[in-house]
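Please read the structure below before turning to the comments.
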2 protein chains.
Amino acid sequence: MRHMFFASAAVLAFAAASSAKAEEGMWTYDNFPIVRANQTLGTSIDQSWLDRVRLSSVKFGGCSAGVISGEGLVMTNNHCVATCVANLSTPQLQYAETGFTPKSREEELKCPGGSAEILTDITDVTARVQKAGEGLDGQAFTQAREAEAGRIETEACGSDPKIRCQVVSLYRGGQFKLYKFRKYSDVRLAWAPEDRAATFGGDLDNFSFPRFAIDAAFIRLYEDGKPALTPTHFTWNPDKLTEGEPVFITGNPGSTQRLLTQAQLMTIRDVVLPMDQLIASELRGRLIRYSEEGDEQAFIAMDPIVGVENTYKRGRGRMAALIDPAFMDQLAGQETVFRRRVAENEALSGQVGDPWAALAEVQPIARELYAPMALLEGGTGMGTTSVAGGSSLFQWARAIVRGAQERAKPSDQRLGEFADSRLPGVQSGLFAERPTYAALEQIRLEWWLSKTREWLTVDSPYVRTLLGKESPEDLSARLITGTKLADPAVRRALWEGGLPAVQASTDPLIQYVLAIDADARAVRADWDNKVKAPTDRASEQLAAARFAAFGDAVYPDATGTLRLTYGRVEGTDVPGQRIGAFTTFAGLWDRATGAEPFNVAPKLLAAKDRIDPNAVMNMAVSSDTIGGSSGSPAVNAKGEIIGANFDSTVLTQRNAYGYDRNVNRSVIVTTQAVTTALRDVYGMDHLIQELGVAPKVAPRRARR
Amino acid sequence: MRHMFFASAAVLAFAAASSAKAEEGMWTYDNFPIVRANQTLGTSIDQSWLDRVRLSSVKFGGCSAGVISGEGLVMTNNHCVATCVANLSTPQLQYAETGFTPKSREEELKCPGGSAEILTDITDVTARVQKAGEGLDGQAFTQAREAEAGRIETEACGSDPKIRCQVVSLYRGGQFKLYKFRKYSDVRLAWAPEDRAATFGGDLDNFSFPRFAIDAAFIRLYEDGKPALTPTHFTWNPDKLTEGEPVFITGNPGSTQRLLTQAQLMTIRDVVLPMDQLIASELRGRLIRYSEEGDEQAFIAMDPIVGVENTYKRGRGRMAALIDPAFMDQLAGQETVFRRRVAENEALSGQVGDPWAALAEVQPIARELYAPMALLEGGTGMGTTSVAGGSSLFQWARAIVRGAQERAKPSDQRLGEFADSRLPGVQSGLFAERPTYAALEQIRLEWWLSKTREWLTVDSPYVRTLLGKESPEDLSARLITGTKLADPAVRRALWEGGLPAVQASTDPLIQYVLAIDADARAVRADWDNKVKAPTDRASEQLAAARFAAFGDAVYPDATGTLRLTYGRVEGTDVPGQRIGAFTTFAGLWDRATGAEPFNVAPKLLAAKDRIDPNAVMNMAVSSDTIGGSSGSPAVNAKGEIIGANFDSTVLTQRNAYGYDRNVNRSVIVTTQAVTTALRDVYGMDHLIQELGVAPKVAPRRARR
C-alpha cells in the first residue's frame, strides 16, 4: 500500500481551501466546468483554450494522442503503437528490440489498419434516439435505438471517408450526442524507442509509481500520401514542472462504472471480475510457457502477454476496491444520499419510479447470462473476456460471416455494428495487412474453447455445438491449420463476394463460424432482452433523476470518447521513502539490476553519459483518468504539452467505480524525457527540429 | 445448477419425519451419535460395529482406504495411488496408460515413500495441552502447546516404528486427543486400472454427478516383507443397492471451516481464495502448455495438472458458496443464534468474553499477512498456496536445512514439525525413492518466484532476499540445474551429516534455502504472534462456549483425522433429465465421444461385450464428506463395504463452511463396478478369489 500526501505546505493550504472533490470528473468538452476548474487551480482557461486543446487531441485506436507539429506529428505512448511495431516487425527484424528510428519522413512506415481521428463537432440528438425506443421492449427496444443512431450517423456523414460520425450515449442513456470526427486512415510510425526503454520494470512496475519508463512514441497523420497539415497543435514544452502545478489531461478514457448501483457493482465483484481474472490468468500461464520455448516464440508472445498482464493487473486493482469496506461504504453512502433526494421530491420520484429496484431485479439474470454472453458473443459492456480469446482469424471470420448476413438486410434492421455508417470501420479492420501467427492463434482458440466448456459445463447445448465430438485441442488445430484467412486478399474476396461467397466457402473457420453463429445470436438476443434492455431503460430513468437532483454539475461515465480532466502535479510516497512527484534518469540507473525486466534498454544504457541524470522521466498527477487515457496529452495552464499520460497505480483502479482523491494518481512521461530520448539516445534530429527544440546541448557528465 | 430431490415417495416420507439436519456431521468415533443415527436411518449399529469399522479404516497419505481381506488388501481410489503409479512409471512404461495388473502378489510393487495407518486408540489430553499454554502469548503460546503435544506423543509411542502417535486438536482447540496408530511403512500397489478408466471425463466431470469412473485401486499392507495379517477387515459386498438405503462413510476428511465466524469467512472469500485461485490458474496454464510440448512432457505433467485442476475446481465451488446470499445468510443466522445463547447466559458470557470481536480484530492482520505467510512459509491452515509451488527438490532442501538446525536443539524447543515424535515422518518423506523431473521442478519454482514477486511486490524486502539481482527464470534454472538433491543418497547424507554437512554443502538449493530461511522464519513468527496465537485463543473460548451452549451434540471441524458420517443413497437430477442415484456401464458407452477426456480406456472398451451394461458404476449418497475422504469405505448397515467415496459435486463444496442437505452429494465408485473391472476387464482372478467373489459368471450379451 502506498501512502499519498501533499508535497508542500503551500499545496496543503491550497487543497484544504478547496472542496475534496474539486478535481473529480472526466468532463465532456461541451460541459466542462471552466469556472470551477479555474477557481480550483488558479488558472484562467477559456472557451478558445478548450477549442484549441480539443482540436489538438487525437483518438488513436483504443488510445489517445496529441498533435505536436503543424505537419501531422502526433505523440502517444509506446504501448499504444506496440501492435503497429509488432506488425511491422519480423522475427528477423524486431523493432521492439532496436527501436524504430527513421532518419527522415520518407522512412516512416504505415501502421497496418491504423487510423486516427479528431473530434470536430458535437450535436445533441437525445430526443431523436429516445423517441425511437418509446413503447418498445427487449431486443426491439435496443435495436430500434441502434437503428436510429445509425440513421443519424449516415445522414450527418454520408460516405465521406475523411469524416466519421458516431452517436455517443452519455450518462448511461441520459443523453445522446452526435460526435463528428476528422478521420485519418493513413497513420505512419515516426519514432518508437526500444521496447525496454518504454517498459522498464515490465509488469512489475506497471500500474505503479515511482516509474522510470519512456513510454512515448510518435506517429504522423498522412493525407494523400503526404504529411497532413495540422495548423492547430500543441506547443512542445520540454521544461521541468514543479509540484503543485496545474495539469490538464485531454483524452479518451475507456470506461468507468461510476453511475452503477450497488446491486450492479456486486455483480461485477462476484461474477464478472472473478471469471475474467481466473481465465485470463490461465491464458497468461499458457502464453508465458509458450514464450519460453524459443526466441521466435518469445517474439510472437511478447505483445499478447503484455496485453493480458495489463488487463489482469487492472482487474486486481478493481477487485481490491470492491472488497475494500471503507471505499464501498463511501459509494453506498452516495447512493443513499441520491435515493433520499429522489424520495424527498414527490414529483420526481413519481416520474422516475424505482430504477434501483429494477436494476436489482436484473442482477440474478445478469449473473447467469454473463458467462455465455461474454464467451460466445462478447460485448457485455461489463467485463474483459472476449470471444475466441481474441483470435484475429476468428474475429475476421465472424466479421465476414456476419457482414455478409447483415448486409443482405436494410441498414436499420442489421446488428448495430453493421449499420452503413459503421461498415468502413469493419472493412478497414478486415483488410489491414496484419501478420498472424498460427501457434498464437491456436493457443487463443484452444484456451477459449476449453474455458467455455469449463464455465458453461460440458453438458451445455452451446458447448455441444461448439465442440461436437472434438476436443478443444484437436478442433483448434484443425481450424487454424486449415484456414486461409491470414491472407488479406482472401478476406477481401469473401467480404466482397457476400453471402454466396461465404456459403460456398470451404474454409474451415468460415464453416465453423457459420455453424456456431445461431447459438451466439440466440445468446445475444437473450442478453439484450433480459439484461441490456431493462438495464438501459432503468439507467435512463436514473440519469433523468440525477439531472433533476444535481443538474449538469455531474459528468457522465467514461465511454471511450473525448474528455478533459484536471488536477495537479502531486507526489506519492512508499513506506520509509520519500518519492515526491518526479523520477529522474538517476533513479533509473539505481533501479536497474540487469535482469529482465529491470534491464536498461541497450541504446539507452549506451547513452548514459550523454543524459542529464536530473532530467525528469515520469511524474505523478492527481487528474482523474482511466484506461484508454493512455497517450493523453498532459497540458499546462498555457495549453502547452508537457507529457503524455501512460499509466496510473493499482490503487487508482478504484476510480472505475468512484474518484478517491487520496489515492488517485496518473503517471505521465514528460516531454523532458522524450526530448532527452530523441536527442541524446536515438539521434532523431529532424524531429527535435520539428518540435522547435534546440538541437544540441553541451553534453553533461553523468554524476555516478 | 443441479436440482436435487428425493427418489421415491417412501424416502420422501422418511425424510420429512426426521430433522433437516439429521445427516449432518463428520463425527469422531469416540463421540458418534449412535442413537440418532439409528433413529434417522432405521439401522441398529452398536459399539462393536463402530470398533470393527474403525479398525478396518485406513489412512493412506492424504486419502482414506479400507481393509478388504485378512491379508492386508486395501481398497482406495485410483487418484490416491496416482503419485505412486507415476513414481513407478517411466516415460517408456507408463502404468497410467496400461493399468497396473500384477498377476500375483510377487509382482506387487512398493509405493516409494508410501505408508498407511490404522487408528487403534483415542485418549483425552485436553487438560495437559491447554495447561501448557496458560499465561503465555503469541509465538510462545503456540510453541509451548506444540512442545507439550510433542512430549505427549513421545511418551506414548517412544520410537517404535510400527506405532505413530499424534495429538489432534479438535473443535479448534476445544479438545486435544492423543490418537495412536498402527503404522505400515511398506505399502505395495496391488492393482490400478487404466488412468482413463478412473478419470473418464477428466476435469470436466470431476466434482459432478452423473459420473462414469472406476476410480478405485488396491494396495496391500506389508510387514517384514510379507503381506500383513489383518484379521479385522470389511466384507466385500458387490451387490447393487437401492435408493434410500443407509450408507456410512468412514475416512479422514481433510479440513472444514464450519466453526469459523463470519469475519473469518470474509477473509477467505476476499483474500485467501482469490489469491490461491488466481495463481493456481496461471500454474495450470503453464503446465498445460508444457504438457503439449511432447509425449514425455505430457507424461510428466499429467499428475501435476490433475492436482492443480482438482484444487482449483474445489476452490470455484467454495467461492460460489461464499458469494451465495441465501447460503451465507443461513450461516450468519446460525452465528446469531449462537451469540444470543451465549449472551443470554450471564455466567457463560462473563467466562468466555467476546471471542467474535477478538477474531474480527485479527482479520485485517490476517488479510495482510496471508500472502507472505502462504508464499514464503506455508502452513497458514487457511488456503491452498504452498511454498515453492510444491517443488519436491525445494521441500527436501528445506527439510534438510531446518531438520539440521532444529535437531541441534532439545525436542521441545524446536519447530513443532521437527519434534522427536515427528522425525520418522520427515525422514520417510525425505529418503523415499521418488523420481523428480527437472523441467517440472523448474516450472514450479519459476512460477512461485514470479508470483511471490508479483503479490508481495518487487520492492518487498522479502522479494529482494528471494531474488537478489536475478530473475525468477534465471534463478530457478540455476538452482534446478545445479542441485544434486534428486538423488536420495545425497539427501540422506546431508540429513545424517546434520548442521556441519549442511553448512559445508555447495549444493545451490541448500545454499539458497539457507539464505532465505531467516526471512521465512520471521514471517512465520509474525503470523504466529499476530494471527495464529490470538486465533487459537479466541477459538478455544468459542469452543468452550459451544460446548456450554450445545453440549457434545456438535461435531468438530474436519482435521484430516478419522470420522464417521452417515446418509442415504440418494439421486440427483439435471434439468430435463432424470439421473437418479446410479450410473451404469451403459451410460458410459453413451457418454463416450472418443475425444479426450471422453475417450473410454482401451482395455475397458475392449471388454465391452463381457460387461453387464446394467452393472452400477457410481452412485450418489447424501453423507457429509469433504476432500481427504477420497477412498473412504462406503459401508452398509451390516458393516460390509459397498464402495469407495471418490468425489462430490461442485455445489457440495460449500460443505467446507456448512452442511446443506439439499445439495450435498458424495460420489461413490461401487464394489459392483470394481468387481466388474477386476473380473471382466483386467483379469485379476487372484484378487477376485481373495475377495470371496465367484470367479466366473456366464458372460452376458451387451444389450446395445
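Excluding ligands, DNA and RNA, what is the solvent-accessible area per residue of chain A at a probe of 1.4 Å, expressed in Å²?
37
Can you tell me, using C-alpha contacts under 8 Å and at least 6 residues apart, the relative contact order of chain A as a whole percent?
Once divided by the residue count of chain A, the mean separation gives 26 percent.
Any of A:K240/A:K638; B:K59/B:K183; A:K110/A:K603; B:K131/B:K177; A:K240/A:K313 with alpha carbons more than 21 Å apart? Name them for me.
A:K110/A:K603; A:K240/A:K313
Placing +1 at every Lys and Arg Cβ and -1 at every Asp and Glu Cβ, with all other atoms neutral, what dipole size does the protein assembly as shown have around its Cα centre, in debye to the nearest 20?
220
Give the residue from A:G498, B:W455, B:P227 lying farthest towards the positive end of the charge dipole for the protein assembly as shown; charges sit on Cβ (+1 for Lys and Arg, -1 for Asp and Glu) and the dipole is referred to the Cα centre.
B:W455
If I model a spin label as a point 7 Å beyond the Cα along the Cα-Cβ vector, how far apart are those points for A:L499 and B:N38 in nm?
For A:L499 paired with B:N38, the spin-label model returns 7.7 nm.
Residue farthest toward the positive end of the dipole of the protein assembly as shown, with Cβ of Lys/Arg at +1 and Asp/Glu at -1: which of B:V635, A:L136, A:V616?
My answer, from the dipole projection, is A:L136.
If I model a spin label as a point 7 Å beyond the Cα along the Cα-Cβ vector, how far apart are those points for A:S104 and A:R341 in nm?
Result: 6.1 nm between the two label points.
Roughly how many debye, to the nearest 20, is the charge dipole of chain A about its Cα centre, given +1 on each Lys and Arg Cβ, -1 on each Asp and Glu Cβ, and no other charges?
I would put it at about 800 debye.
Can you list residues from other chains, or at least 5 along the same chain, whose modelled amide H is less than 5 Å from the amide H of A:K110?
Here the answer is A:L189, since their amide H atoms fall under 5 Å of that of A:K110.
Carbon and sulfur: what percent of the stretch A:262-550's accessible surface (1.4 Å probe)?
53
Can you work out D for the stretch B:380-461 in µm² s⁻¹ from Stokes-Einstein, where Rh is the Kirkwood radius over C-alpha pairs, the temperature is 25 °C and the viscosity is 0.890 mPa s?
168
If r is the Cβ-Cβ distance from A:R578 to A:N599 and R0 is 22 Å, what FRET efficiency results, to the nearest 0.05?
With a Förster radius of 22 Å, E is 0.25.
Can you tell me which of B:252-260, B:613-621, A:305-313 comes out highest on packing, and rank the rest after it, using the mean Cβ neighbours within 10 Å?
Result, highest mean first: B:613-621, B:252-260, A:305-313.
Could you work out [θ]222 nm for the protein assembly as shown from helices alone, using -39500 (n - 2.57) per DSSP H run of at least four and dividing by all its residues? Round to the nearest 500 deg cm²/dmol.
Rounded to the nearest 500, it is -13500 deg cm²/dmol.
What spacing in nm lies between the two simple spin-label points modelled at B:L415 and B:T90, each 7 Å away from Cα in the Cβ direction?
3.6
Given a 1.4 angstrom probe, I'd like the percentage of the accessible area of the stretch B:124-202 that is carbon and sulfur, rounded to a whole number.
That fraction is 49 percent.
Looking at the stretch B:262-550 from every direction and averaging, what is the projected area of its Cα convex hull in nm²?
Its average projected convex-hull area is 17.4 nm².
State the answer as a single residue: which of A:Q297, B:P602, A:P246 lies farthest towards the positive end of the charge dipole of the protein assembly as shown, with beta carbon charges of +1 for Lys and Arg and -1 for Asp and Glu, about the Cα centre.
Positive-end residue among those listed: A:P246.
May I ask for the net charge around A:L415, where only other residues with Cβ less than 14 Å from the Cβ of A:L415 are counted and Lys, Arg are +1 while Asp, Glu are -1?
+2
If you scale each eigenvalue of the Cα gyration tensor by 5 and take the root, what three semi-axes come out for the stretch B:457-517, rounded to whole angstrom and sorted largest first?
Computed over the stretch B:457-517, the values are 25, 14, 7 Å.
Probe radius 1.4 Å, ligands and nucleic acids left out: which of B:V337, A:V272 has the largest accessible area, and how do the rest follow?
If we order B:V337, A:V272 from most to least accessible, we get B:V337, A:V272.
Can you pull out the buried accessible area for chains A and B, both sides counted, probe 1.4 Å, rounded to the nearest 100 Å²?
Answer for the A-B pair: about 3500 Å² buried.
How compact is the protein assembly as shown by the rule of thumb for globular proteins, expressed as Cα Rg over 2.2 N^0.38 Å?
Compactness ratio reported: 0.97.
Counting residues in the stretch B:549-704 as N, plug N into 2.2 N^0.38 Å and put the Cα Rg over that result.
1.19
Between the stretch B:249-296 and the stretch A:58-86, what is the separation of their alpha carbon centroids in Å?
First find each Cα centre; the distance between them is then 42 Å.
Give the Rg (one decimal place) followed by the Dmax (whole number) of chain A, computed from C-alpha coordinates and expressed in Å.
24.9, 74
Please label the shape of the stretch A:118-184 as rounded, prolate or oblate, based on the square roots a ≥ b ≥ c of the eigenvalues of the alpha-carbon gyration tensor (a/c under 1.5 means rounded; beyond that, a/b larger than b/c means prolate, else oblate).
It is prolate, given that a/c is not under 1.5 and a/b is the larger ratio.
Can you list the residues of the stretch B:262-284 that have at least 40 square angstrom less accessible area with all protein chains present than in their chain by itself, probe 1.4 Å?
Output list: B:D270, B:L278, B:S281, B:E282, B:R284.
So who's got an amide H within less than 5 Å of the one on B:E470, skipping anything under 5 residues away but keeping other chains? H placed 1.01 Å off N, in plane.
none
Using a 1.4 Å probe on the protein heavy atoms, what percent of the accessible area of the stretch B:616-698 belongs to carbon and sulfur?
For the stretch B:616-698, the apolar C and S fraction of the accessible surface comes to 51 percent.
Just to verify a number: FRET efficiency for B:T465 and A:R478, C-beta to C-beta distance, R0 = 51 Å, to 0.05?
0.55
Set the Förster distance to 35 Å, then compute FRET efficiency between A:K608 and A:K638 from the Cβ-Cβ distance, nearest 0.05.
Using R0 = 35 Å, I get an efficiency of 0.60.
Taking Cα pairs under 8 Å and at least six residues apart, what relative contact order does the stretch B:415-480 come out at, in percent?
Averaging sequence separation for qualifying contacts and normalising by length gives 33 percent for the stretch B:415-480.
The values are calculated or read from the model by the stated rules, or taken from the named source; none is laboratory data. None of the values given here were measured: they were computed from a predicted structure. All Cβ positions, even for glycine, are placed from backbone atoms using ideal geometry, and neighbour counts span all protein chains on display. Note: areas computed on protein heavy atoms with side chains; ligands, DNA, RNA excluded. Shrake-Rupley method; radii C 1.70, N 1.55, O 1.52, S 1.80 Å.
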